[in-house]
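Comments concern the structure below.
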Amino acid sequence: MTITRTQIRRGSLLAALLALLCSTFLVLPANAEPAPFEDCPTGQFCLYDGSSGTGTRTDVAEGGKAERNAGTVLSVKNNTRMWACVYGRSEYGGGLQTVKPGNADEYVTDGTRWVVGSYKLVPTRALCFTGYERCENDKVCTFAEKNGRGAMTVHEPAVDPATQNLGNSYGAEVAPRSVWNRTGKHVCFYLQPDYTGTWVGDDDKSYGAYVVLRGDHITVPGSLAGTFRSHELVNGTSECQ
């Protein structure tokens, strides 16, 4: 059989084409960009000051938290086994974003930045909605927002010189939206700084004190939220003014 020059040319072209295809599939560009968030280590909650996992990265281990000064955070990757709770204000206040284990989140949408004020890592998503755990044993703690969230004030009991009551008097900047009484006494809250004042309840009855029993934590009813100006510790609720 005689092989013509045309057949030789076709064979050479086919070999060249196969070589080109192989090089296309086997050779990757040397400067390929990494996938978003792929640099976040296992067991870490990674915060980035750029979107899509770019910029400077800050790593937080499981159980970590920052109640304030969270810094510039434009995206996160939760590479832990815990839920990440991300808040719009310091001390777990303001709006809330929850990040499931293994998920990422973005805080810049259409040019609008969602500010991160604080964060914490917790075992269950339900714990993102409260901040009561900050209150230590044997303390009365009041919070600026519902469910123990927002700025917390820890009250050290003092004897009032006028009434000799064991408690505290305070202004509007401390007036609570929620309370945890972690003492062995009951707490009586009052509308006035001098442990006095009355209000009418939903049952049309007048009350002189709002009581939080020992060991209880509550969100103050809407009509009373932010109105308390003093409280005292008592052994029995009949001791309230």
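Only the coordinates and a few stated rules stand behind these numbers; no lab work does. As the structure is a computational prediction, the values presented were derived from the model and not from experiment. Cβ sites come from the backbone with ideal geometry, for glycine too, and all protein chains shown count toward neighbours.
Contact order normalised by length for region 135-239, with contacts defined as Cα pairs under 8 Å and 6 or more residues apart; what percent is it?
So the answer I get is 32 percent.
Reachable lysines from residue 139, Cα under 17 Å, same-chain residues fewer than 8 places away excluded?
By straight Cα distance, residue 139 reaches 185.
Spelling out what I want: for every residue of region 192-202, take phi, set θ = phi - 60°, compute 6.51 cos²θ - 1.76 cosθ + 1.60 (Karplus), and round to whole Hz; glycine and proline get x.
Values per residue, Gly and Pro as x: 10, x, 9, 6, 10, x, 9, 9, 9, x, 5 Hz.
For the modelled label position 7 Å from the Cα of residue 51 along Cα-to-Cβ, which residues of region 83-123 have backbone nitrogen atoms closer than 13 Å?
106-114
Where the centroid of each part is defined by its Cα atoms, how far is region 170-241 from region 39-116 in Å?
Region 170-241 and region 39-116 have Cα centres spaced 37 Å from each other.
Only four residue types carry charge here, +1 at the Cβ of Lys and Arg and -1 at the Cβ of Asp and Glu. Report the dipole size of region 59-147 about the Cα centre in Debye, rounded to the nearest 20.
Approximately 100 debye in magnitude.
Averaging sequence separations of C-alpha pairs under 8 Å and six or more residues apart, then dividing by the length of region 44-129, give the relative contact order as a whole percent.
Result for region 44-129 is 32 percent.
Using each residue's phi in region 204-213, evaluate 6.51 cos²θ - 1.76 cosθ + 1.60 at θ = phi - 60° and report the 3J(HN,Hα) Karplus result to the nearest Hz, with x for Gly and Pro.
Taking θ as phi minus 60°, the curve returns 6, 9, 8, 10, x, 8, 10, 9, 10, 5 Hz for region 204-213.
If the cut-off is 21 Å between C-alpha atoms, which lysines fall inside it for residue 77, apart from same-chain ones fewer than 8 positions away?
Excluding near neighbours in sequence, the set is 65, 100, 120.
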